[in-house]
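Below you'll find the structure, written out as structure tokens, and then a few comments.
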Amino acid sequence: MRRARSGAPSGAFRRRLGDGPTTVGIGVGLLSDEAPTTARPGEREGAAIVSAREVCKSFGRTVVLDGVSLDVHRREVVCIIGPSGAGKTTFLRCLNLLERIDSGTIEVNGQPLGMRQENGGEWAPAGEKQQARQRTEIGFVFQRFNLWPHKTALENIVEAPIHVRGTEAESAVETAERLLERVHLAEKRDAYPSRLSGGQQQRVAIARALAMNPKLMLFDEATSALDPETVREVLDVMKELALGGMTMVVVTHEMGFAREVGDRIVMMSDGRIVEEGAPEQLFAAPREERTKRFLDKVL
Amino acid sequence: MSSLPVAIQFDWELFGERIFNGEGVFWEALVTTVYIAVIAQVLGVVLGLITALAARSPVRVFRALAWTYTLVIRGTPIIVQIFFVYFGANLFLGFDLFPREVGLFGLALSGAVIAGTIALAINEGAYMAEIIRSGIDSVDDGQLEAGLAVGMPRHMAMRRIVLPQAARVIIPPLGNQFNSMIKTTSLLAFIGVYELFQDSQVGYSATFKPVEYFVSVALWYLLLTTLWSLVQVRIERRLGRHDLPEQREKGPIWRTLGRVPEEAR
């Protein structure tokens, strides 16, 4: 509740900003290349970008995910909350193939993750190359930033466009400079990560993910490793991104952020989704006892 | 000098000759030592890298091969390995793999040089594998994952993200390995390679003045290893660059683009 905006009831506020033609909101459109009011042609708002069905995953004997099903729609911001050990991070990592699922299916953009279609139409496990191609569509922001310390901020951002996409260096640099401006770090272009604060590093990491022009952004406790005073700047960038219409799945302990920016809150515990719903409902009147207990502790 | 009651007198004149005024064959021997050490080290690093990657491979056979290779090589004396490659290869193959003279790229090399270089490389590979493996392990998994997350295939993330960082951990022990390699080439004298040590052995058996020959050859090895350690210091300083941004000149991206950032001017 700390950061809830007065009179801005949750994710609805984002849609409202997006609907009106004359809205002036902080950072509206700042992180999107198009005006937030115009949906891309032929694109149904609400089409599922992520569709996970009965996802199970164990590490050895420990069951981490126990049948998780979740749909994330285009331009939707889904915040996953829950106690540590609930499987939030593992689920998020499965969405980007950083973890292999044991059973179930995950489709991103209608394509089963980690699978490829053979000539006969049969599905088979994807090779390294196809997996890499699927990941280019999905941005991932790590709790510990994972910037490459041997590259400057700018080099971190242009690395993938140049070497994965084959973009010309000049235009990749131009895009990277624009992204740095958008995360308010234009002046840190040539700084090595060791010279940046945690918040700055995380904003560069966000820019690095955006440089691949992903259709979906995943945030894994993006502010948990930060000093309290730099949390805000990262959350602001994430909020601007949400306002720009980015589809996001955010694992977070920042309840204020979840309430304000999330369109839908998913509560996880013990490898399952306990409850999901609109923020105003879930935070104010949780249906499940488990959710109540969790919220009592964190709010 | 001759009045001193010493059983064996040190022949300063001969010693000076050996240090400052070597004959033609001496320089050849010196060059042979250096190029064998360099080639064996380079091949050893390549072998070590392949082995280190094989040791982390998901394919079990690769892991088993890597494990066996390092176990056998690190567990047996290098002189035995050298003899095994030189004599054993001919024996098992049934033909002369390493004949007395081999024409290679227009150079006449003795088979012993080739066999010796290969043996040193195989030996070095096993030690480099361990060094490279621990170098790769020293890089946080998150670095590789960040590469994968932006769509790099695993091998690209390894090559562009992990290995450059592992290099900072690998280079110091690699330098020590090369220092050791320079000295280990002396063992090839025992299969008849005419390198520094062999040169002094030949000289000593003709003059019976072992001390002059061996002290002078020791000084030559010392010179080679000292020169190398100077190079090593420079390399290590360069690698530590991104920790000290103020020492940086131009980032790689600007070298590619041929432009200098405003702030750097």
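The values are calculated or read from the model by the stated rules, or taken from the named source; none is laboratory data. All figures in this text were calculated on a predicted structure; none of them were measured in a lab. As a convention, Cβ positions derive from the backbone with ideal geometry for all residues, glycine included, and neighbour counts pool all protein chains shown.
Tabulated data for the structure shown
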read-out	value
Which listed residue is over 30 Å from B:GLU28 (Cβ atoms), of a type in the set (S, T, N, Q) and surrounded by fewer than 19 Cβ atoms within 10 Å (Cβ to Cβ), from B:SER180, B:SER134, B:SER205, B:SER186	B:SER134
Among (1) under 17 Å from the mean Cα position of the chain (by Cα); (2) surrounded by fewer than 24 Cβ atoms within 10 Å (Cβ to Cβ), the one test that A:PHE219 misses	(2)
Checking A:ASN213 against (1) assigned to a helix (DSSP H, G or I); (2) farther than 20 Å from A:GLU229 by Cβ; (3) without any contact (Cβ under 8 Å) to a residue 60 or more places away in the chain, the condition it does not meet	(1)
Options A:GLN134, A:GLN130; residue that is out of contact with any Ser or Thr (no Cβ under 9 Å at 6 or more places or on another chain), at negative phi and at pLDDT below 90	A:GLN130
Contacts under 8 angstrom Cβ, first residue in the stretch B:140-169 being surrounded by 17 or more Cβ atoms within 10 Å (Cβ to Cβ), partner polar (S, T, N, Q) and part of a loop (DSSP other than H, G, I, E, B), 6 or more apart	B:GLN143/A:ASN146; B:GLU145/A:ASN146; B:ALA146/A:ASN146; B:ALA149/A:ASN96
The stretch A:156-166, residues that are in contact with a helix residue (DSSP H, G or I) (Cβ under 8 Å, 6 or more places away or on another chain) and either surrounded by fewer than 21 Cβ atoms within 10 Å (Cβ to Cβ) or in a strand (DSSP E or B) (or both)	A:ILE162, A:HIS163, A:ARG165
Flag for A:GLU159 being facing chain B (nearest Cβ under 10 Å) and within 20 Å of B:ILE161 (Cα to Cα)	yes
Close pairs (7 angstrom Cβ cut-off, 6 or more residues apart or separate chains): on the phi > 0 side of the Ramachandran plot in the stretch A:73-102, in a helix (DSSP H, G or I) anywhere	A:GLY82/A:LYS88; A:GLY82/A:PHE294; A:LEU97/A:GLN131; A:LEU97/A:GLN134; A:LEU97/A:ARG135
Filter pass, B:LEU144 being within 8 Å of chain A (Cβ to nearest Cβ), in a helix (DSSP H, G or I) and modelled with pLDDT of 95 or more	no
Any hit, the stretch A:178-187, residues being closer than 25 Å to A:ARG74 by Cα and assigned to a loop (DSSP other than H, G, I, E, B)	yes
Subset tally (residues that are surrounded by fewer than 15 Cβ atoms within 10 Å (Cβ to Cβ) and in a strand (DSSP E or B)) for the stretch A:68-94	1
Residues of the stretch A:103-127 that turn out to be out of contact with any helix residue (DSSP H, G or I) (no Cβ under 7 Å at 6 or more places or on another chain) and on the phi > 0 side of the Ramachandran plot, as a count	4
Condition met for A:PRO112 (facing another protein chain (nearest Cβ under 10 Å) and at pLDDT 85 or above)	no
The stretch B:147-195 - residue that is part of a helix (DSSP H, G or I) and among the aromatic types (Phe, Trp, Tyr) and, of those, farthest from A:GLN143 (Cα to Cα)	B:PHE190
Number of the exception - A:ALA191 against (1) more than 9 Å from chain B (Cβ to nearest Cβ); (2) assigned to a loop (DSSP other than H, G, I, E, B)	(1)
Residues being touching a strand residue (DSSP E or B) at 6+ places or on another chain (Cβ under 7 Å), in a strand (DSSP E or B) and surrounded by fewer than 19 Cβ atoms within 10 Å (Cβ to Cβ) - total across the stretch A:96-117	8
Verdict on A:ASP220 being in contact (Cβ under 8 Å) with a residue 12 or more places away in the chain and among the charged types (D, E, K, R)	yes
Test: residue in the stretch A:174-182 that is without any contact (Cβ under 8 Å) to a residue 60 or more places away in the chain and at the interface with chain B (Cβ under 9 Å from one of its Cβ atoms)	no
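One line per residue, one yes/no per condition, for (1) outside any loop (DSSP other than H, G, I, E, B); (2) within 14 Å of another protein chain (Cβ to nearest Cβ):
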position: A:ASN119; (1), (2): no, no
position: A:ALA124; (1), (2): yes, no
position: A:GLN130; (1), (2): yes, yes
position: A:ARG133; (1), (2): yes, yes
position: A:GLY139; (1), (2): yes, yes
position: A:ARG144; (1), (2): no, yes
position: A:PRO149; (1), (2): no, yes
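Let's see how each residue does on (1) surrounded by fewer than 22 Cβ atoms within 10 Å (Cβ to Cβ); (2) of a type in the set (A, V, I, L, M); (3) in contact with a Ser or Thr (Cβ under 7 Å, 6 or more places away or on another chain):
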| position | (1), (2), (3) |
| --- | --- |
| A:ASN213 | yes, no, no |
| A:ALA242 | no, yes, no |
| A:VAL251 | no, yes, yes |
| A:ALA258 | no, yes, yes |
| A:VAL274 | yes, yes, yes |
| A:ALA284 | yes, yes, no |
